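Peer 1: Before we start, here is the structure in question, set down as C-alpha cells.
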Amino acid sequence: MSSILILGAMSDVAQALAHEYAKNGYNIQLAARQKERLEPLQKDLEIRYNIKAVAVEFDALNFTSHFDFYKNLPYEPNMVACVFGYLGDTAKGLTNWKEAEQILHINYTGAVSILNVIASNMMERKHGTIIGISSVAGERGRQSNFLYGSAKAGFTAYLSGLRNKCFHSGVHVLTVKPGFIKTSMTQGMPLNPKLTATPQKIAKDIFKAAAKKKNVLFSLWMWKYIMRIITSIPEGMFKKMKM
Ligand SMILES: NC(=O)c1ccc[n+]([C@@H]2O[C@H](COP(=O)([O-])OP(=O)(O)OC[C@H]3O[C@@H](n4cnc5c(N)ncnc54)[C@H](OP(=O)(O)O)[C@@H]3O)[C@@H](O)[C@H]2O)c1
C-alpha cells in the first residue's frame with residue numbers, strides 16, 4: 001500500500017495534505033514536535049478514510065537525530081512531504097542572531113539535513129517521491145522577508161540539485177512554490193483574497209502535481225507569472241521599491 005511521511009505535520013498545509021492523501025487511500029506517518037498534539041488528526045484520518053495513521057516525534061532543528069528518526073520509523077515511506085517552515089521576524093533577525101538562526105535553520109539547514117537522509121535511502125531503494133514546500137519568497141529577496149526568502153531560495157536550489165541527482169536512481173523530487181496561503185503563518189496579514197489559496201487547494205494541487213511527476217509547482221498558478229514580472233524588474237529600480 002502507498003504511504004506518505006509528512007514532516008511538520010501540525011502545519012495547516014500539512015494537515016490538509018494528510019487528508020488529501022488519506023482520502024486517496026495512502027497510509028500516513030505524521031511527524032512533528034510534541035507528537036501527542038497529532039492524536040486528534042491521526043484518529044480522524046483513520047476513522048474517516050479507513051487507513052493507518054501513526055504519529056512520530058520530529059524536530060527539524062535536532063539535526064543529529066535525523067538519521068535515527070528515519071531509521072526508527074515504523075516503515076519506509078514511498079513518499080515524503082517536507083512541509084515545516086518558519087516565517088519569523090526579519091526586522092528582529094537583523095539585530096538578534098537567535099531569531100535569524102531559527103529562520104535559516106528551520107527553513108534550510110533542517111530541511112537539507114532530513115532530506116539528505118531520506119533521499120539517500122530512496123536512491124538505494126530506487127524508488128520514491130520527495131515533495132519540498134519552498135516559497136515564491138525564494139525567487140527574489142525583498143526587504144520585508146529576506147531572511148526567510150534567502151533560506152527558501154537555498155531550499156529551492158537544493159531541491160533542484162537533488163532532483164537532478166535522484167532522477168538517475170528513479171526517485172522524483174517536486175518543488176512546491178506557494179504564494180500566499182491562509183494559515184496560521186499569515187494570520188493577521190492583509191492578504192489579497194484573489195492571490196491567496198486555502199491549505200486544501202494547495203494540498204489538491206500538490207497531490208495532482210506529484211502524481212503527474214511535475215518538477216515545479218506554483219500554487220496558485222498565477223504566482224508563476226507574478227514572479228516572472230517581479231524577477232524581471234532591474235535591480236537599480238527594485239532596490240528603491242518597498243516590498
Ligand atoms: N502560509 C503561506 O502563505 C506560505 C507561503 C509560501 C510557503 N509557505 C510554506 O508552506 C509550509 C507550510 O506552512 P503553513 O503556512 O502551513 O505554516 P504553519 O501552519 O505556521 O506551519 C508551520 C509548521 O512548521 C512547524 N515547525 C516549525 N519549526 C519546526 C521544527 N523545528 N521542527 C518541526 N516542525 C517545525 C511548526 O510546528 P509547531 O506546531 O511545532 O510549531 C508548524 O506546524 C512552510 O514551509 C511555509 O514556509 C507558506
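The values are calculated or read from the model by the stated rules, or taken from the named source; none is laboratory data. Bear in mind that the values here come from a model prediction, so they are computed numbers and not experimental data. Here the Cβ is made from the backbone with ideal geometry for all residues, glycine too, and neighbour counts use every protein chain on show.
Peer 1: Which count do you get for residues in segment 96-124 that are within 22 Å of A32 (Cβ to Cβ) and of a type in the set (F, W, Y)?
Peer 2: Adding up the residues that qualify gives 1.
Peer 1: The conditions are (1) touching a Ser or Thr at 6+ places or on another chain (Cβ under 7 Å); (2) within 24 Å of R142 (Cβ to Cβ); (3) not in a loop (DSSP other than H, G, I, E, B), and A157 fails exactly one of them. Which is it?
Peer 2: Answer for A157: the failing condition is (1).
Peer 1: Exactly one condition in (1) surrounded by fewer than 19 Cβ atoms within 10 Å (Cβ to Cβ); (2) touching a Phe, Trp or Tyr at 6+ places or on another chain (Cβ under 9 Å) is false for K71; which is it?
Peer 2: The single condition K71 does not satisfy is (2).
Peer 1: I need the full set of residues from segment 63-104 which are in a helix (DSSP H, G or I), within 22 Å of V13 (Cα to Cα) and touching a Leu at 6+ places or on another chain (Cβ under 6 Å), in order please.
Peer 2: Selection gives I103 alone.
Peer 1: Starting from segment 223-239, keep only residues that are within 18 Å of F180 (Cβ to Cβ), then list their pairs with residues that are modelled with pLDDT of 95 or more whose Cβ atoms are within a distance under 6 Å, requiring at least 6 positions of separation or different chains.
Peer 2: From residues that are within 18 Å of F180 (Cβ to Cβ), the pairs are W223/V136; W223/G179; K224/F218; M227/V136; M227/E139; I230/R140; T231/E139; T231/R140.
Peer 1: Output the residues belonging to segment 18-39 that are away from the ligand (no atom under 14 Å from the Cβ), of a type in the set (A, V, I, L, M) and either in a helix (DSSP H, G or I) or without any contact (Cβ under 8 Å) to a residue 12 or more places away in the chain (or both).
Peer 2: Result: A22, single match.
Peer 1: Scanning segment 171-206 for residues that are closer than 24 Å to G154 by Cα and more than 14 Å from the ligand (Cβ to nearest atom), which turns out surrounded by the fewest Cβ atoms within 10 Å (Cβ to Cβ)?
Peer 2: The selected residue is H172.
Peer 1: So which of L191, L174 is outside any strand (DSSP E or B) and of a type in the set (A, V, I, L, M)?
Peer 2: Just a single option satisfies the conditions, and that option is L191.
Peer 1: Ok, one more. Look through segment 50-68, keep the residues that are within 13 Å of the ligand (Cβ to nearest atom) and among the small types (G, A, S), and return whichever of them is surrounded by the fewest Cβ atoms within 10 Å (Cβ to Cβ).
Peer 2: Going residue by residue through segment 50-68, those that are within 13 Å of the ligand (Cβ to nearest atom) are 55-63, 65-66.
Of the ones still in play, those that are also among the small types (G, A, S) are 55, 60, 65.
Details: A55: 19, A60: 24, S65: 16.
So the residue we want is S65.
Peer 1: From the list M1, M10, which residue is at pLDDT below 95 and not in a helix (DSSP H, G or I)?
Peer 2: M1
Peer 1: Restricted to segment 121-137, and to residues that are of a type outside the set (S, T, N, Q), buried (at least 20 other Cβ atoms within 10 Å of the Cβ) and closer than 21 Å to I6 by Cβ, which residue is nearest to the chain's Cα centre (by Cα)?
Peer 2: Per the criteria, the residue is I133.
Peer 1: Can you tell me which residue among I51, I47 is modelled with pLDDT of 95 or more, more than 18 Å from Q200 (Cα to Cα) and assigned to a helix (DSSP H, G or I)?
Peer 2: Details: I51 fails: assigned to a helix (DSSP H, G or I).
Within the list I51, I47, the selection yields I47.
Peer 1: Now for a separate question. Restricting the search to segment 208-221, which residues are surrounded by fewer than 18 Cβ atoms within 10 Å (Cβ to Cβ) and touching a helix residue (DSSP H, G or I) at 6+ places or on another chain (Cβ under 9 Å)?
Peer 2: If we filter segment 208-221 for residues that are surrounded by fewer than 18 Cβ atoms within 10 Å (Cβ to Cβ), which is where we start, we get 208, 211-216, 221.
Once the filter is applied, which keeps residues that are surrounded by fewer than 18 Cβ atoms within 10 Å (Cβ to Cβ) and touching a helix residue (DSSP H, G or I) at 6+ places or on another chain (Cβ under 9 Å), segment 208-221 yields K214, N215, V216, W221.
Peer 1: Can you name every residue in segment 140-154 that is away from the ligand (no atom under 11 Å from the Cβ) and either crowded, with 21+ Cβ neighbours inside 10 Å or assigned to a helix (DSSP H, G or I) (or both)?
Peer 2: Residues satisfying the conditions are F146, L147, S150, A153, G154.
Peer 1: So N78 clears everything in (1) within 13 Å of the ligand (Cβ to nearest atom); (2) surrounded by fewer than 21 Cβ atoms within 10 Å (Cβ to Cβ) except one condition, right? Which one?
Peer 2: All conditions pass for N78, except number (1).
Peer 1: Okay, moving on. Among all residue pairs at least 6 apart or on different chains, which show Cβ distances below 6 Å where the first residue, located in segment 176-190, is under 18 Å from L17 (Cα atoms) and the second is of a type in the set (G, A, S)?
Peer 2: What qualifies is K177/S134; P178/S219; I181/A197.
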